[in-house]
Amino acid sequence: MRFTFRSVLNKFIGLHSYDPKHSKTKLPGPLFIQVQTIDRCNGSCRMCPYVTIQRSGPPNCMDEELYTKIFTNLSQAETVNTVLLMLQNEPLLDNELEKRVEQARKILGNGTRILTVTNGTSLNLKRYEALLHAGLNSIEVSIDAFYEETYRSIRPGLDFSNVINNINTLLQKKDGSHIVVRFLKQRANENEEKQFKHYWKSRGVQICSFPIENRAGMIECFDQMRGSSPLLRKKYIRAVRDLVFPPCFFPFYALNILWDGRVILCCHDWRHIEIIGDLSAQSLQDVWNGDAINQYRNLLYNKRFEEIPICKDCSVVRRFSG
């Protein structure tokens, strides 16, 4: 999720609501959720573990009854302010995505932001208009390159020209207020960031730029892929921050829900190791303040992240440790 005032506020509300004495949160539900409505992607991006995960048979999609239950529970909790319909997948492969957006909007009302992140290969004008009409607030498109050659090296198998043409076609018919282009900073593209920002800013499109992560240690060549080290000033600021706050805020304010209802601790848990609940059998409230997630919150709160298998090698918690 991109850096916004709401995302920062969610982190601090989530952390402030945690009661370490009783290992519970005072929040009745999450502020942010990611939902996987289909478990497939059409990309083979080198900074993504998707290609290393074995999947066979037809795509798995979230059952409509389960989807309705999840969003009804969210409505009852009255806490969620942001819904991301994307988790370890390419969401536009779900032919029912427009219907799901409409249903979520109907249940949650207009006070909740609903967005998705896509590689843009299927983002034609018809789908774009349908998604906005259904109630989607924002569509973020991951591009990560200014030049086609760089794009092909980062996102093999995807068509750069197709993605750029798709976005430009939308901009010819609509304004860019609902589109965000994403730039995942890494060694292969670090010299293109200024050109990328200048081009899309001139088109009236919002830009989100953030550093590559090692996906909880699953990216084996991460040290070769990541960009230049941050400035010493930034290292110092983050080091001081990490003395005061937990290394990761996510479990204090958010949930990640797979297509079958299982809830994983972290969106980077591609092997689905840390399962903290199952919404096909439990209520959202029971999972949100259950023993499983609170055990992990306690470890993170006390900076004992090395005791959590998917956290101990994660670049998010180790970003400024070396």
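Write down the radius of gyration of the stretch 57-153 and its Dmax, each obtained from C-alpha positions, in Å.
Cα only, the stretch 57-153: 14.9, 49 Å (Rg, Dmax).
Amide H neighbours of Val180 under 5 Å, at least 5 residues apart or on other chains, H built in the peptide plane: list them.
Here Ile139, Glu140, Val141 satisfy the definition.
Sorted by accessible area with a 1.4 angstrom probe, largest first, how do Glu193, Glu90 fall? Could you put the intermediate results ahead of the total?
On the way: Glu193 35, Glu90 5 Å².
The ranking, largest first, comes out as Glu193, Glu90.
Can you give the convex hull volume of the alpha carbon atoms of the chain per residue, in Å³?
Per-residue hull volume (Cα only) is 132 Å³.
Which residues' amide hydrogens lie under 5 Å from the amide hydrogen of Arg113, considering only partners 5 or more residues apart or on another chain, with H built in the peptide plane?
Those qualifying (amide H under 5 Å, at least 5 residues apart or on another chain) are Thr82, Val83.
Tally the DSSP beta bridges in the chain and give the antiparallel ones as a percent, rounded to 5. Intermediate values should be presented prior to the final figure.
Values: 8 of 32 bridges.
Here the antiparallel bridges make up roughly 25 percent for the chain.
Can you run phi through the Karplus equation (6.51, -1.76, 1.60; θ = phi - 60°) for the stretch 75-81 and list ³J(HN,Hα) in whole Hz, with x for Gly and Pro?
Coupling constants for the stretch 75-81: 4, 5, 6, 6, 10, 5, 10 Hz.
Kindly report the accessible area of the stretch 95-215 per residue (heavy atoms of protein chains, probe 1.4 Å, no ligands, DNA or RNA), in Å².
Heavy-atom accessible area per residue stands at 47 Å².
Where does the charge balance sit around Asp19 when Lys and Arg score +1, Asp and Glu -1, over other residues with C-beta under 14 Å from its C-beta?
So the environment of Asp19 carries a net charge of +4.
So, with +1 on the Cβ of K and R and -1 on the Cβ of D and E, and no other charges, what is the size of the charge dipole of the stretch 1-148 about its Cα centre, to the nearest 20 debye?
Rounded to the nearest 20 debye, it is 520 debye.
Between Met86 and residues 5 or more places away or on another chain, which pairs have amide H atoms under 5 Å apart, with H built 1.01 Å from N, and which residues are they?
Residues meeting the criterion, in which the H sits 1.01 Å from N, are Val35.
Given 0.36 nm per residue, what is the gain on full extension from Asn95 to Ala292 after removing their alpha carbon distance, in nm? Could the numbers behind the result be given before it?
On the way: separation 197, 0.36 × 197 = 70.92 nm, distance 3.36 nm.
This chain segment gains 67.6 nm when fully extended.
Leaving ligands and nucleic acids out of the surface, order Lys126, Lys69, Lys173 by accessible area at 1.4 Å, largest first.
Lys126, Lys173, Lys69
Taking 7 Å along the Cα-to-C-beta vector as the label spot, tell me the Gln282-Asp260 distance in nanometres, rounded to one decimal.
Taking the simple label geometry, Gln282 and Asp260 are separated by 1.6 nm.
What ranking of Leu9, Leu132, Leu74 comes out by heavy-atom accessible area, probe 1.4 Å, highest first?
Highest to lowest solvent-accessible surface, that is Leu9, Leu132, Leu74.
Of the options Ser122, Pro211, Ser75, report the single residue whose Cα projects farthest towards the positive end of the charge dipole of the chain (beta-carbon charges: Lys, Arg +1; Asp, Glu -1).
Pro211
The values are calculated or read from the model by the stated rules, or taken from the named source; none is laboratory data. None of these values were measured; they are calculated from a predicted model. Please note: Cβ atoms are built from the backbone with ideal geometry, for glycine as well, and neighbour counts cover all protein chains shown. Accessible surface areas use protein heavy atoms only, side chains included; no ligands, DNA or RNA. Shrake-Rupley method; radii C 1.70, N 1.55, O 1.52, S 1.80 Å.
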